[in-house]
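Asker: Here it is: the structure, laid out below.
The values are calculated or read from the model by the stated rules, or taken from the named source; none is laboratory data. Treat the numbers as computed from the prediction; the structure is a model and nothing was measured. Cβ: placed from backbone, ideal geometry, glycine included. Neighbour counts: every protein chain shown.
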Amino acid sequence: MLDAGRTETLLEVNNIEVIYNHVILVLKGVSLSVPKGGITALLGGNGAGKTTTLKAISNLLHSERGEVTKGSIVYKGERVQDLDPAALVKKGVIQVMEGRHCFEHLTVEENLMTGAFTRRDGKAAVERDLEMVYEYFPRLRERRKSQAGYTSGGEQQMCAIGRALMSRPEMILLDEPSMGLAPQLVEQIFEIVRAVNEGEGVSFLLAEQNTNVALRYAHQGYILENGRVVMDGPAADLRENPDVKEFYLGMSDEGRRSFRDVRSYRRRKRWLA
Ligand SMILES: Nc1ncnc2c1ncn2[C@@H]1O[C@H](COP(=O)(O)OP(=O)(O)O)[C@@H](O)[C@H]1O
Ligand SMILES: [Mg+2]
């Protein structure tokens, strides 16, 4: 469990600005910190800048013609924004991309094994971790010989997270794990994230549009809007915050609102000028 008083900060993002194609300013000064051992949620609607933030951290922006033009990204006291993604994986930070990318033509087990490619600690250790992944994801054990392209969306998400675990990470950047999955499956994936967090001590920074589920599993959260952090705090506080309830959880003290109601109320947001 996370103890706010004694935790070490793993990752610090300080006031970063990201520009695509030299002109499109997408992140306008985003700062956040991820404590060791915790689950931190990065929340916000479609286009808020969640994926851009994660890609800035793991140095995946170049292929998108994006660039961090201001600010710094520090992992365990070291500036990491000039490293390549593979070097960051060696330092223990790995990203699971939005849309659960698996190698479709490989089996589930082969996919998991590709996650271990940067490791140099031998076959026995890798075999042990494969077993560890199967314990967290019994479904993947059942499907180990299946070609990944023929497994369900939920199984592919599990496979993508399992593959990340095979690199023995200290921290996983997880982008929209709930995307396109049925609610029951979303719950199952988050249960596993929690179990991995508690059982292996892996820290998570997870981007989610599904505020409701993310705030039930995260320890702390940041809400992004239009490339800026508009609110942050312990997950329990955010869950109780009237604005978060109204605009992100779709309910308020007057009762549950429909999505359309929430949209029309957006105009009088209290925390934005
Ligand atoms: N490669 C890109 N080139 C130009 N604009 C982009 C690119 N990728 C994302 N954007 C824009 O950046 C903004 C934030 O996108 P993104 O980080 O994907 O948000 P989120 O993950 O919160 O949905 C959006 O307005 C999006 O259109
Ligand atoms: Mg995204």
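Asker: Has region 79-88 got at least one residue that is touching a residue at least 40 places away in the same chain (Cβ under 8 Å), more than 9 Å from ligand 1 (Cβ to nearest atom) and either farther than 25 Å from Ala148 by Cβ or not acidic (Asp, Glu) (or both)?
Answerer: Scanning region 79-88 turns up no residue that is touching a residue at least 40 places away in the same chain (Cβ under 8 Å), more than 9 Å from ligand 1 (Cβ to nearest atom) and either farther than 25 Å from Ala148 by Cβ or not acidic (Asp, Glu) (or both).
Asker: Report, ordered by the first and then the second residue, all pairs with beta carbons closer than 9 Å, sequence separation of six or more or different chains, a first member in region 127-138 that is more than 10 Å from Ile192 (Cα to Cα) and of a type outside the set (Asp, Glu), and a second member that is at pLDDT below 95 and outside any helix (DSSP H, G or I).
Answerer: These pairs meet every condition: Leu130/Ala116; Val133/Gly115.
Asker: Which of the residues belonging to region 61-79 are under 21 Å from Ser167 (Cβ atoms) and either of a type in the set (Ser, Thr, Tyr) or crowded, with 19+ Cβ neighbours inside 10 Å (or both)?
Answerer: The answer is Leu61, Ser63, Ile73, Tyr75.
Asker: Given the structure, is Ser203 at pLDDT below 95 and away from ligand 1 (no atom under 16 Å from the Cβ)?
Answerer: No: the conditions fail for Ser203.
Asker: Given the conditions (1) surrounded by 14 or more Cβ atoms within 10 Å (Cβ to Cβ); (2) polar (S, T, N, Q); (3) more than 14 Å from the chain's Cα centre (by Cα); (4) over 19 Å from Asn14 (Cβ atoms), which single one is not true for Asn46?
Answerer: Here Asn46 clears every test but (1).
Asker: Can I ask one more? Being within 11 Å of ligand 1 (Cβ to nearest atom) and modelled with pLDDT of 95 or more is the filter here, so list the residues in region 49-62 that pass it.
Answerer: Passing the criteria: Gly49, Lys50, Thr51, Thr52, Thr53, Leu54, Lys55, Ala56.
Asker: Looking at Val30, is it at pLDDT 95 or above, within 12 Å of ligand 2 (Cβ to nearest atom), over 18 Å from Lys76 (Cα atoms) and assigned to a strand (DSSP E or B)?
Answerer: Considered against the rule, which asks whether it is at pLDDT 95 or above, within 12 Å of ligand 2 (Cβ to nearest atom), over 18 Å from Lys76 (Cα atoms) and assigned to a strand (DSSP E or B), Val30 comes out as no.
Asker: Another question, then. Could you tell me whether any residue of region 8-29 is acidic (Asp, Glu), surrounded by fewer than 20 Cβ atoms within 10 Å (Cβ to Cβ) and under 22 Å from Ala236 (Cβ atoms)?
Answerer: Within region 8-29, one or more residues are acidic (Asp, Glu), surrounded by fewer than 20 Cβ atoms within 10 Å (Cβ to Cβ) and under 22 Å from Ala236 (Cβ atoms).
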